[in-house]
Amino acid sequence: MNDLFKKRKDFYFIRHAESLGNIGIDSGYDPDLSPAGYVQAAECSEFMKKHCDSTTVIYSSPFKRTVRTAQAIAKNANTKIILEPALHEFFAVEWYPLNRVKLPSLKQIAATNDNILDMDYPDDQWWPYKNEDSQALTLRLGMLKNHLLSDHVRGKKIVCLGHWASVAGIVNLMCPQIYMEVVYNTGITKIVYDGQRCEPVFINEASFLSRPAKRNKTEFSE
């Protein structure tokens with residue numbers, strides 16, 4: 001039991017706050033948060049204060065909207081962010097025609113944003129060289145799940161900032177009984193890993209928002 005307790009990890013999977021793209025404003029392939037999104041990020045960070053501390057490990061997709069949301073949480077928790085490309089958006093051909101997508105490198109993102117852990121980030125392309133299908137998305141998230149559950153990730157509390165597809169996908173891989181039909185902006189799903197299995201604690205929590213998220217149905221089946 002002691003060995004299992006040592007392996008326990010608390011995971012928090014969070015979708016980014018509302019972006020300009022979410023409200024129909026065309027701002028390219030890497031939109032910032034909307035004004036309401038910045039409020040959501042601040043409210044999410046307040047909620048997460050009781051779950052985070054300076055030892056919390058925060059991973060974020062490199063997209064601007066996820067980094068901005070992660071920054072609010074990291075600042076309140078007095079901790080740093082690790083850029084994690086595996087949490088990135090679903091690169092469907094309809095959304096990201098790769099011959100036109102130009103995004104900053106991880107090195108550039110780290111150099112121009114606060115609260116990002118000083119690491120030897122590469123300066124080459126971190127997004128896929130070809131568009132993804134659902135199988136490729138599952139493979140990417142499966143590799144991330146294995147990494148997060150491994151002993152290589154030493155944190156006991158781990159926050160992952162991603163997107164609708166990446167949050168819903170990795171939650172389903174960790175807890176196959178959970179199918180997230182909707183992932184709210186700043187919706188938080190907590191999963192506890194006891195060293196052997198993953199169990200959900202809460203799913204798509206967003207009651208802390210001053211303007212409640214639209215309450216679309218979320219599936220939870222046996």
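Just so you know, all these numbers are worked out from the coordinates, no wet-lab data involved. Please read all numbers here as calculations on a predicted model, not as lab measurements. Counting neighbours? That spans all protein chains shown, and the Cβs are built from the backbone with ideal geometry, glycine included.
Sorted by mean Cβ packing within 10 Å, highest first, what order do the peptides 39-48, 11-20 take?
Details: 39-48: 20.7, 11-20: 25.8.
Result, highest mean first: 11-20, 39-48.
Enumerate the calculated ³J(HN,Hα) couplings along the stretch 185-197 in order (Karplus 6.51 cos²θ - 1.76 cosθ + 1.60, θ = phi - 60°), each rounded to whole Hz, writing x wherever the residue is Gly or Pro.
Rounded to whole hertz, the list is 4, 6, x, 10, 10, 9, 10, 9, 9, 9, x, 10, 9.
Can you flag which of LYS7/LYS107; LYS130/LYS190; LYS50/LYS157; LYS107/LYS157; LYS50/LYS156; LYS64/LYS157 are past 21 Å Cα-Cα?
Numbers: LYS7/LYS107 32 Å; LYS130/LYS190 32 Å; LYS50/LYS157 12 Å; LYS107/LYS157 25 Å; LYS50/LYS156 14 Å; LYS64/LYS157 23 Å.
The pairs that break the limit, which is 21 Å between Cα atoms, are LYS7/LYS107; LYS130/LYS190; LYS107/LYS157; LYS64/LYS157.
Taking neighbour counts of Cβ atoms within 10 Å as a proxy for exposure, in what order, fewest first, do LEU106, LEU33 appear? Mind showing how you got there, number by number?
Details: LEU106 21, LEU33 25.
So the residues, fewest neighbours to most, are LEU106, LEU33.
Straight distance only, please: which aspartates and glutamates reach the Cα of LYS9 with their own Cα at less than 20 Å, same-chain residues fewer than 8 apart left out?
ASP53, GLU84, ASP151, ASP194, GLU199, GLU205
Work out how much length VAL101 to ASP53 would gain on full extension: take 0.36 nm times their residue separation and subtract the Cα-Cα distance, in nm to one decimal. Please report the intermediate quantities before stating the final value.
On the way: separation 48, 0.36 × 48 = 17.28 nm, distance 3.62 nm.
Roughly 13.7 nm would be gained on extension.
Can you sort TYR193, TYR184 from fewest to most other Cβ atoms within 10 Å of each residue's own Cβ? Numbers along the way, then the final one.
Details: TYR193 18, TYR184 24.
So the residues, fewest neighbours to most, are TYR193, TYR184.
So who's got an amide H within less than 5 Å of the one on TYR59, skipping anything under 5 residues away but keeping other chains? H placed 1.01 Å off N, in plane.
Those lying under 5 Å, H to H, from TYR59 are ILE82, VAL159, CYS160, LEU161.
As a test, work out the antiparallel percent of DSSP beta bridges whose residues both lie in the chain, rounded to the nearest 5. Display every interim value, and only then the final one.
On the way: 14 of 28 bridges.
In the chain, DSSP labels about 50 percent of beta bridges as antiparallel.
Using θ = phi - 60° and the Karplus form 6.51 cos²θ - 1.76 cosθ + 1.60, what ³J(HN,Hα) does each residue of the stretch 150-158 get, whole Hz, x for Gly and Pro?
These are the phi-based 3J(HN,Hα) values: 7, 6, 5, 9, 8, x, 8, 10, 10 Hz.
I need the calculated FRET efficiency for the pair ASN131 and LEU173, taking r as the beta carbon distance and R₀ as 30 Å, to the nearest 0.05.
0.90
From the phi of every residue in the stretch 85-96, what ³J(HN,Hα) in whole Hz does the Karplus formula 6.51 cos²θ - 1.76 cosθ + 1.60 yield, where θ is phi - 60° and glycine or proline is x?
My calculation for the stretch 85-96 gives x, 5, 8, 5, 4, 6, 7, 6, 4, 5, 9, 10 Hz in order.
Compute the distance from the alpha-carbon center of the stretch 86-145 to that of the stretch 168-196, in whole Å.
21 Å
Going highest first, how would you order 163-172, 75-84 by mean Cβ packing within 10 Å? Walk me through the intermediate numbers first.
Details: 163-172: 22.8, 75-84: 18.7.
Descending packing order for the listed peptides: 163-172, 75-84.
In terms of the ratio Rg/(2.2 N^0.38 Å) built on C-alpha atoms, what value belongs to the stretch 2-220?
On the way: Rg = 16.3 Å, N = 219, 2.2 N^0.38 = 17.1 Å.
Normalised by 2.2 N^0.38 Å, the Cα Rg of the stretch 2-220 equals 0.96.
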